[in-house]
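S.K.: Attaching a single structure in structure tokens format; questions to follow.
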Amino acid sequence: MRFPGMRLWITVLAIVSNTAVFASERFDPNTCKLQNRGMVLCFDLRDDAHPHGGLVINVGTQDNRERTIFLPFPTSSFSPDASILASWGRYDHFTIVSFMQANSGIHDIGFEPLFSANADQLDESVTSESLLFLRRGLERKFVYRHVIPSSATNFPMEIQHLDDSINAIAVVRPEKAVGLELANGKTETPEPLPESRSTRFYEVTTNGKPSIIELRYELPPTGKETIILTYSSKLAGALAGPFIAILFFKLKENIRPRIRRIILWGLGLLQFSLVALFAYTAWTTRGETAGVAVGDWSVVIFTAVVSALPLWLQREPRSLALTVKP
């Protein structure tokens, strides 16, 4: 018996499944390989809009032993490694990954970490969240808590005692990111391992103290944002001169009042558009480039005000009413 629409439903499921797999295949394990480390948990932040991560597993002995890994954060778009029979279970606040040590060598498992996000905590200390990726303008703050406090209620005690074989944490920042100070002149905490290069590797502590990894950095503005912040003030300054001069035309020299009004409205609307575009771009970036651009705009406004003073003082007074002296 054939059911109407069954083939279409199967096709839709196949497309959704393939999309989830492709999303997780963006994980690049080559950036997170570390010598003499059995397992590395990696967070790749180079794609700022969609950070992704995964596990790099170095199976030294093929003993067919099953390993179960507890990750204190939810994930999505799991990409399994069939050669080690990897499986995945996602829950509200954590993830369970299992695999068999069936093949020696280096293997990788990709997934999409689901971050908690609260911009208000960018300048505050982290309390209980396990995985954070905070954004404010072009500023970013990454936080990962590997060891869960005993007071945490989102993680049952049974799963916290699963086989924990993660030996190091790797964090890949965007290439042109600039480190920002967290505290005491440091842009990251704790100190990375000596093997760290463009990818920062951190030791996993298991001495009972919460292991928190924090990085703070700033992204460079895009080419479009740089152009807006750099040249909008210059264009506004170029338009300010003609606008002020036409605005303070002497009445006897104003032989085309209608054209004067049209030009003033056109220049005024153009200036308003530039100000709105600049304000939006400066607010969304809020970085060093935006600060310099705000200074340029302040100079433009000050120059426009100073330029208007002599023209305003030279205006013709309004015609006085005629008085007849006896």
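The values are calculated or read from the model by the stated rules, or taken from the named source; none is laboratory data. These figures come from a predicted structure and were not determined experimentally. Glycine gets a Cβ as well: all are built from the backbone with ideal geometry, and neighbour counts include every protein chain shown.
S.K.: Of these, Leu219, Leu215, which one is at pLDDT 75 or above and in contact with an Asp or Glu (Cβ under 6 Å, 6 or more places away or on another chain)?
M.R.: Sole residue among the options that is at pLDDT 75 or above and in contact with an Asp or Glu (Cβ under 6 Å, 6 or more places away or on another chain): Leu215.
S.K.: Being closer than 30 Å to Asn36 by Cα and either modelled with pLDDT of 80 or more or in the same structural domain as Ile301 (by TED's automatic domain parsing) (or both), is that true of even one residue in region 249-256?
M.R.: No, region 249-256 contains no residue that is closer than 30 Å to Asn36 by Cα and either modelled with pLDDT of 80 or more or in the same structural domain as Ile301 (by TED's automatic domain parsing) (or both).
S.K.: Okay, next question. Every residue in region 41-68 that is touching a residue at least 60 places away in the same chain (Cβ under 8 Å) and out of contact with any Cys (no Cβ under 8 Å at 6 or more places or on another chain), please.
M.R.: Leu41, Phe43, Leu45, Arg46, Asp48, His50, Pro51, His52, Arg67, Thr68
S.K.: Any chance region 186-194 includes a residue that's over 28 Å from Ala279 (Cα atoms), in a loop (DSSP other than H, G, I, E, B) and at pLDDT below 80?
M.R.: no
S.K.: For residues in region 69-90 being outside any loop (DSSP other than H, G, I, E, B) and free of Cβ contacts under 8 Å to residues at least 24 places away in the same chain, which is surrounded by the most Cβ atoms within 10 Å (Cβ to Cβ)?
M.R.: Trp88
S.K.: Restricting the search to region 257-303, which residues are within 23 Å of Ala177 (Cα to Cα) and acidic (Asp, Glu)?
M.R.: Once the filter is applied, which keeps residues that are within 23 Å of Ala177 (Cα to Cα) and acidic (Asp, Glu), region 257-303 yields only Glu288.
S.K.: All but one of (1) at negative phi; (2) at pLDDT below 85 hold for Arg67; which doesn't?
M.R.: (2)
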